[in-house]
Structures are given as structure tokens and as C-alpha cells.
């Protein structure tokens with residue numbers, strides 16, 4: 001069986017990224033810089049034959065996916081399975097604001113407790129990871145031996161990295177989650193393997209944030 005290549009791309013930067021606010025499932029669009037990053041990403045991938053372009057259905061991801069799909073003469077396939085984690089009551093606030101409003105929840109989030117459900121209707125880390133894993137399996141199963149692009153979010157990339165390396169959910173993150181970065185993962189029908197990570201050679205600079 002030919003290997004499948006999944007090129008996962010974090011959305012371009014938003015104003016809330018620049019302010020350090022948790023976006024989660026709130027529908028925030030790209031900043032001007034984010035639109036520039038999306039255009040450059042589309043140009044970078046123009047010579048890569050893609051069978052499909054998938055995206056989280058949130059605006060910041062769909063706006064990033066549009067130039068990629070356009071260079072390939074493809075339509076963007078919106079898939080809510082690739083949405084960012086639902087951060088519940090954290091959404092819309094900075095880390096400093098959350099730590100003051102709800103220090104216990106903030107510390108439990110920072111400790112990466114896999115089964116801690118975020119207050120205000122949020123997801124636990126394990127629930128989020130399982131959602132991402134299932135979405136990735138679904139797309140890989142539809143495109144055996146092909147290359148596809150998936151435009152998504154920093155938290156999703158973190159889950160994919162852990163899935164592709166065997167890194168525990170509770171382990172501290174030491175890998176980058178960069179806006180408009182290319183992150184290549186292979187699928188051989190049995191397991192996912194990280195091939196290349198946090199490639200931003202097409203960008204003048206990048207912002208590492210949530």
C-alpha cells in the first residue's frame with residue numbers, strides 16, 4: 001500500500017493570536033498578516049499535487065485554506081472534526097485574565113490533566129485528542145496513497161504530533177505550533193508518523209502562540 005501524506009497547516013495569525021487570547025471554537029477571522037501568510041502558503045504548495053484540501057469550518061482556517069485550494073483548482077472541504085479545542089469559559093480571555101478569574105482551572109489546564117473538562121462547556125484534553133484522531137483516520141482512509149492538505153489549529157497540531165510520535169497527552173509540549181506552518185505526517189494504513197514539522201520557510205517570520 002502506497003503511503004498517504006497529510007500536510008497539516010495551522011491557520012494564519014489573527015488579532016487574538018497577537019493579543020494572546022484563547023480563541024477555541026469562537027469564529028475569529030484572520031488579521032492582515034494572516035491573509036498574507038495564507039497567500040504565501042498557497043504559493044508554497046502550488047507545485048505539490050493535492051487530492052483534496054480539508055479545513056476546520058472556522059473562518060480563520062477556511063480563509064487560510066482558500067488560497068491553497070485555489071492554486072489546485074479544488075474546493076475546500078469543511079470538516080468540524082478539525083476545529084480547535086473547545087476552551088469553554090477560557091475563550092475570549094488571556095492567560096493572565098483566566099489565572100485571576102479561575103486559578104484552579106488554570107493550573108489544572110497547565111498541568112495537562114487529560115480528563116479535566118474545561119468549565120463552561122469545554123472539552124477535556126482526551127475528548128479533544130480522540131476527536132482529532134478520528135478525523136485524521138477518516139481523511140487518511142479516504143485518500144490512500146495520495147497527498148492532502150488539512151488546515152487546522154494549534155491544538156489540533158499538538159494532538160497530531162502526539163499521535164505521530166507516541167508522546168503522552170500529559171507530557172509538556174516541546175514542539176512548535178506555528179501559524180501557517182507546514183507539518184507533514186505519513187500514514188501507512190496502520191500508524192501515523194511525523195515526517196517534518198513546523199516548516200515556515202515560505203514565511204518572512206512566524207508567531208508561536210495559541
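The values are calculated or read from the model by the stated rules, or taken from the named source; none is laboratory data. Being a predicted model, the structure only gives us computed values, none of them experimental. Here the Cβ is made from the backbone with ideal geometry for all residues, glycine too, and neighbour counts use every protein chain on show.
Does segment 165-177 include one or more residues that are in contact with a helix residue (DSSP H, G or I) (Cβ under 6 Å, 6 or more places away or on another chain), buried (at least 18 other Cβ atoms within 10 Å of the Cβ) and either under 18 Å from residue 64 (Cβ atoms) or touching a residue at least 24 places away in the same chain (Cβ under 8 Å) (or both)?
yes
Could you check segment 1-115 for helices (runs of 4 or more DSSP H) lying wholly inside it with 1 or more residues that are modelled with pLDDT of 95 or more and more than 22 Å from residue 201 (Cα to Cα)?
In segment 1-115, 15-19, 59-72, 95-101, 103-110 are the helices (runs of 4 or more DSSP H) which contain 1 or more residues that are modelled with pLDDT of 95 or more and more than 22 Å from residue 201 (Cα to Cα).
Can you tell me which of (1) within 29 Å of residue 127 (Cβ to Cβ); (2) in contact with a helix residue (DSSP H, G or I) (Cβ under 9 Å, 6 or more places away or on another chain); (3) buried (at least 20 other Cβ atoms within 10 Å of the Cβ) is the one residue 94 doesn't meet?
Only one criterion in (1) within 29 Å of residue 127 (Cβ to Cβ); (2) in contact with a helix residue (DSSP H, G or I) (Cβ under 9 Å, 6 or more places away or on another chain); (3) buried (at least 20 other Cβ atoms within 10 Å of the Cβ) is unmet by residue 94, namely (3).
List the number of the failed condition for residue 180; all other conditions in (1) part of a loop (DSSP other than H, G, I, E, B); (2) under 13 Å from the mean Cα position of the chain (by Cα); (3) within 20 Å of residue 87 (Cα to Cα) hold.
Every condition holds for residue 180 apart from (3).
List every residue pair whose Cβ atoms sit under 6 Å apart, with the two residues 6 or more apart in sequence or on different chains, where the first one lies in segment 112-123 and is at positive phi and the second, anywhere, is surrounded by 15 or more Cβ atoms within 10 Å (Cβ to Cβ) and modelled with pLDDT of 95 or more.
Final answer for the pair search is 120/88; 120/89; 121/88.
Would you say residue 128 is surrounded by 16 or more Cβ atoms within 10 Å (Cβ to Cβ) and in contact (Cβ under 8 Å) with a residue 60 or more places away in the chain?
For residue 128, the condition - surrounded by 16 or more Cβ atoms within 10 Å (Cβ to Cβ) and in contact (Cβ under 8 Å) with a residue 60 or more places away in the chain - is not met.
Across segment 176-190, what is the total count of residues that are over 22 Å from residue 16 (Cβ atoms) and modelled with pLDDT of 95 or more?
Total meeting the criteria: 5.
When residue 156 is evaluated against the numbered criteria (1) without any contact (Cβ under 8 Å) to a residue 60 or more places away in the chain; (2) in contact with a strand residue (DSSP E or B) (Cβ under 9 Å, 6 or more places away or on another chain); (3) part of a helix (DSSP H, G or I), which criterion, by number, is the only one it fails?
Among (1) without any contact (Cβ under 8 Å) to a residue 60 or more places away in the chain; (2) in contact with a strand residue (DSSP E or B) (Cβ under 9 Å, 6 or more places away or on another chain); (3) part of a helix (DSSP H, G or I), the lone unmet condition for residue 156 is (1).
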